[in-house]
1. I'd like the antiparallel share, as a percent to the nearest 5, of DSSP beta bridges with both residues in region C:174-293.
2. For region A:153-215 and region C:191-240, what is the centre-to-centre distance using only Cα atoms, to the nearest Å?
3. If I model a spin label at residue C:326 and residue A:120 as a point 7 Å from the Cα along the Cα→Cβ vector, what separation in nanometres do I get?
4. Take the alpha-carbon centre of region B:87-158, take the same for region C:242-272, and report the distance between them in whole Å.
5. Which translational diffusion coefficient, to the nearest whole µm²/s, is obtained for region C:202-268 from the Stokes-Einstein equation, given a Kirkwood hydrodynamic radius over C-alpha pairs, 20 °C and 1.002 mPa s?
6. In nm, what is the difference between 0.36 nm times the number of residues separating residue B:175 and residue B:247 and their Cα-Cα distance?
7. What fraction of the DSSP beta bridges in region A:127-261 is antiparallel, stated in percent and rounded to the nearest 5?
8. Using alpha-carbon positions, what is the distance between the centroids of region A:1-62 and region C:20-76, in Å?
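Any read-out appearing in this document is the output of simple, stated calculations on the displayed coordinates, not a laboratory observation. Note that this is a predicted model, so its numbers are computed, not measured. Every residue, glycine among them, receives a Cβ derived from its backbone with ideal geometry; neighbour counts consider all protein chains shown.
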Amino acid sequence: MSALLQVRHLTTTFDTAAGVARAVDDVSFDLHERETLALVGESGCGKSVTALSLLRLVEPPGQIVHGSSIRFGGRELLTLPPEDLRQVRGAGIAIVFQEPGTSLNPVLTVGLQITETIHAHERVPKREARERAVELLRLVGIADAPQRMRSYPHELSGGMRQRVMIAIALSCRPKVLIADEPTTALDVTVQAQILELLAELRDRFAMAMLLITHNLGIAAGIADRIAVMYAGRIVETAPTGALFREPLHPYTAGLLRAAPRLDGPARPVAASPGSVPPATAWPPACRFHPRCPYAWDRCRTDEPSLLDGGPAREARCWLVAEPLRRKA
Amino acid sequence: MSRRLRLGTALVGALVVVAIFAPALAPYDPIAQLDLMDGRNLPPSGAHPLGTDLYSRDLLSRVLHGARVSLTIATIAVVLSITLGTVVGLTAGLTGGWVDAALMRAVDAGLAIPRIFLLLAVLALWEGISVLALVLVLGLTGWFGTSRLVRAEVQSVRGRDFIAAACAAGVGPLRLVLRHVLPNTAAPIIVSATLGVGYVILVEAGLSYLGMGVPPPLPSWGNIIRDGHPFLVLAPWISAAGGGAVVLTVMAFTVLGDGLQEWLDPRRA
Amino acid sequence: MSDPLVVVRDLVRHFDVPQGPFRAPARLRAVDGVSLAIAEGETLALVGESGSGKTTLGRCVLRLIEPDAGTVTIDGVDVRALDRRALRAFRRRMQVVFQDPYGSLNPRMRVGTAIREPLEIHGLARGREADARVARLLEEVGLDASFAARRPHELSGGQRQRVGIARALAPEPRFLVLDEPVSALDVSVQAQVLTLLRELQDRRGLTYLFIAHDLAVVRQMAARLTVMYLGRIVEEGPAEAIYRAPKHPYTAALLSAVPVPDPDGQRARIVLPGDPPSPVTLPPGCVFHPRCPHPLKDDRCRTDIPALREVDEGRRSACHYAEQTTPLAP
């Protein structure tokens, strides 16, 4: 069965004063129906730009480079005429952003913003759109939904705004939901609510979900598969359980060691040395080699491609080809 | 440095040079009546690149000296306004409370009256104004807008963590204002100043045109335009000389102001 | 504890929020009677979400905001009683590191100048001696001495945070308030900065008040923990004991909300209904009761404010049913 969303060789660059930044550099992945894939990485790895590129939301000086391909339901999105692309946005693929404060229009009521999306994709009478909007607000757990339709974003808390964003995203029953760091700006208890809500709605509407996050804990709780990004490339993909039990790429292992945990015995986090390089100057050959405890000559001269690491597993690391070099 | 900034700096730089070296650059004495018989209202020629006016004075020399007059008046007036505006804006922004409210109501009152009318009202009370008085009046009526800008910027800077960090380090109030608050509110002040110079030149030209600015025979672009007023059809080059100078200068300062605004903004965190 | 370095007693700080021209302003009780104590060389963590008052409390302890009532005693000195000049001199001994690496450094000042400033103000060093100290401080926080010439916008978030730490260390303080120092940083940078903070504490014998909302991060730093909700302390005690068996339903909910980086370790979350309420209109009785998931919650919770009482050795909780809270824990 072919994937619902097929991304191949996606490359997005930005022209900056310091040179060309290859924010997303030859990224390929599949998203299947009803699957949740988490794109995990730290700032500067290109995960958010990847999400924006999927819906062609990247503004100049950024551009998607020729040779990239994004196929959704069999159609190539990058060559779609504007009207068809507009139809895909919101109804085929919907996106929930990180900052509900700035992603909602401050001068429009919440109700209007939901019905606007409905009207943009379906010809329905106003009353029906309004009823659907109220229903959506109830669905995302907002109390007093009919009254809340008339609220403005600034009258709502961060958690409620994020629920509104989710309601907008779901209004036209998309097949794919992209959630770009949906809980980062929220308090921990509200974060838990929103994650539960996302999981519940994903199951109820049988959607595929692409979750962008820097938090491995969040990915562990909701994703079927995880793709780890570093320096504009995917460096490891694996089913969730396998990734955590046995990470193949040293960067992934480093992330796991650096994540503070409440479970298990108290253990100080182990910090990886160095920092993420700038997108205008990715290191040559393996982009992680300057920070990698295992690096040897090959890593400094040849860039590894994604090597087969087992069932549904890949890692961009020479250790996959030469596993004996993994010291205990 | 953006292109705009380079252009603006070059233009304003050239104007400043012209103003400073006007006596050396001008071919004639700007108030000398060269030839009252045959030399009046002469069109531009080799001897007089901008022509002569009704008193047979060389227009090029008058325009060059006028640059001196206009730029000096404008610069001093703007320095005065900016200083006043910054002090008031800082005080209002940092103190808050009733001091802030009182100052801002005064600013509102000042802004409510169109500047030209304010100036005319003040100047009408003065017969035969001196240049110094003119500068003072221009400066004292021009600080309202700046104070608002500065106050807004100060209020925004006040809440930032690095101010709290400086307080936590034990920095005293004077040093806090001079080394932490002021440098971070400089951007709107500088831009305001640059655009202000252009505006004051326009105002001064207007006043001189109305006969209430720089006293003749001292050349100012405004009174050059005035001199040419009765001869707009017969000798349009007179007013054109003064007017052209004003237009060029105001444009130069505007371009510089825009360029500075661009340059100063994105650099800040 | 015997002779703690920092003692806060019954600290109160309110804000008046204007309610329009015709109504009296509403009283926002940001910090509503908080007491705590920190021993020398120890780290006390102050945990809470937005609206809990933890940031305001941190600033009150340093007198960056004036408390309305209560006392703050640092190294035996009543901080509130100091006059302006004495306070400025006393600030040598207590410093702060902020959360936002992008706002906590003066964008117009070079790194070296910013770190020098405390040295100059307190007359600790001048000229070349000051430069040498700045270089040593930069190295101590893991940055090359050449960073002194750079401006903040040239640095990454992690680097700026290190500069902030160097600046705080310059006057050789004994007590440091760390206000969410790693919340804005990526996981690997966060790990580096936490490691740095621990090393500095060991080497210099510093005392920390560590303010955070992430309990997993807090576990890295603090042996003792204080949980705040709507301006009050709801639980306090040794960190590991609280993680194993919280004695307040809010703490239990906070613990369960922390995402676990282990797909096999996922557990049912205690999901609190609603949003953290605004500290302006406090619910009657226990401030947590509208959202409280405790099975024993009853009318008493709606009417009687629970006192912060000792429920176990060295542990206190402000819940009527604290003893029966532990089964709630995931």
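1. DSSP beta bridges in region C:174-293 are roughly 55 percent antiparallel.
2. Each part's Cα centre sits 30 Å from the other's.
3. That separation, rounded to one decimal, is 5.4 nm.
4. 59 Å
5. Calculated translational D: 163 µm²/s.
6. 21.7 nm
7. Of all bridge pairs located within region A:127-261, approximately 55 percent are antiparallel.
8. 44 Å
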